[in-house]
Amino acid sequence: QVQLVESGGGLVQAGGSLRLSCTASGRTFSSYNMGWFRQAPGQEREFVAAITPSGVSAFYADAVKGRFTISRDNAKTTVYLQMNSLKPEDTAVYYCGANRRTVVLISNAYDYWGQGTRVTISS
């Protein structure tokens, strides 16, 4: 069982930055792929970024590539999402998830989810 707690959301102006954190319970964090997804009102949850257990490989949605960076600190059982050059269309609730499968881009592949943290970007 893995419990995930996100933090770091808030309200910022377009062009600004935020760093989201997701801290996991348990001693098996380093065996999980970790992903960030987001869900805007009235829309489905969409993939944002993911990182493999060792942190060697990272994957990004086209919409955030070059602006967002995912990283992890296995010693702190925490995954981060650094978000720069934020746009109003980045407004959503951001969720982190954990899975041990080879698929990381699809939300159904994730076994555990946090409660989400809200990000609002004003224009």
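The values are calculated or read from the model by the stated rules, or taken from the named source; none is laboratory data. Values in this document were obtained by computation on a predicted structure and should not be read as measured data. Neighbour counts run over all protein chains shown; Cβ positions are idealised from the backbone, glycine included. These area figures cover heavy atoms from the full protein model, side chains too; ligands, DNA and RNA do not enter into them. Shrake-Rupley method; radii C 1.70, N 1.55, O 1.52, S 1.80 Å.
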Inset, instruction - With 5 Å bins from zero, work out the P(r) of the chain over every alpha carbon pair and list the percent per bin. - result: 2, 13, 24, 27, 19, 10, 4, 1, 0
Inset, instruction - Calculate, for the chain, the solvent-accessible area per residue in square angstrom, rolling a 1.4 angstrom probe over the heavy atoms of the protein chains. - result: 51 Å²
Legend entry - Residues with amide H under 5 Å from that of LYS87, placed H, sequence gap 5 or more: GLY15
Inset, instruction - Mind giving me the FRET efficiency for ALA63 and SER17? R0 is 25 Å, r the Cβ-Cβ distance, nearest 0.05 is fine. - result: 0.90
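How high is the relative contact order of the chain? Use alpha-carbon pairs under 8 Å, at least six apart in sequence, and give a whole percent. Don't skip to the end; give the middle numbers.
Working: 306 pairs, mean separation 43.4, N = 123.
Dividing the mean separation by the residue count of the chain yields 35 percent.
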Inset, instruction - Using a 1.4 Å probe and ignoring any ligands, DNA or RNA, find the accessible area of LYS76 and quote it in Å² to the nearest 10. - result: 130 Å²
Inset, instruction - With a point put 7 Å past each Cα toward its Cβ, work out how far ASN84 is from SER54 in nm, to one decimal. - result: 2.6 nm
Legend entry - Difference of contour (0.36 nm per residue) and Cα-Cα distance, THR120 to SER71: 15.5 nm
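When the accessible area of the range 31-110 is split by element with a 1.4 Å probe, what percent falls to carbon and sulfur?
49 percent
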Legend entry - For the chain, size of Cβ-based charge dipole, Lys and Arg +1, Asp and Glu -1, in debye: 260 debye
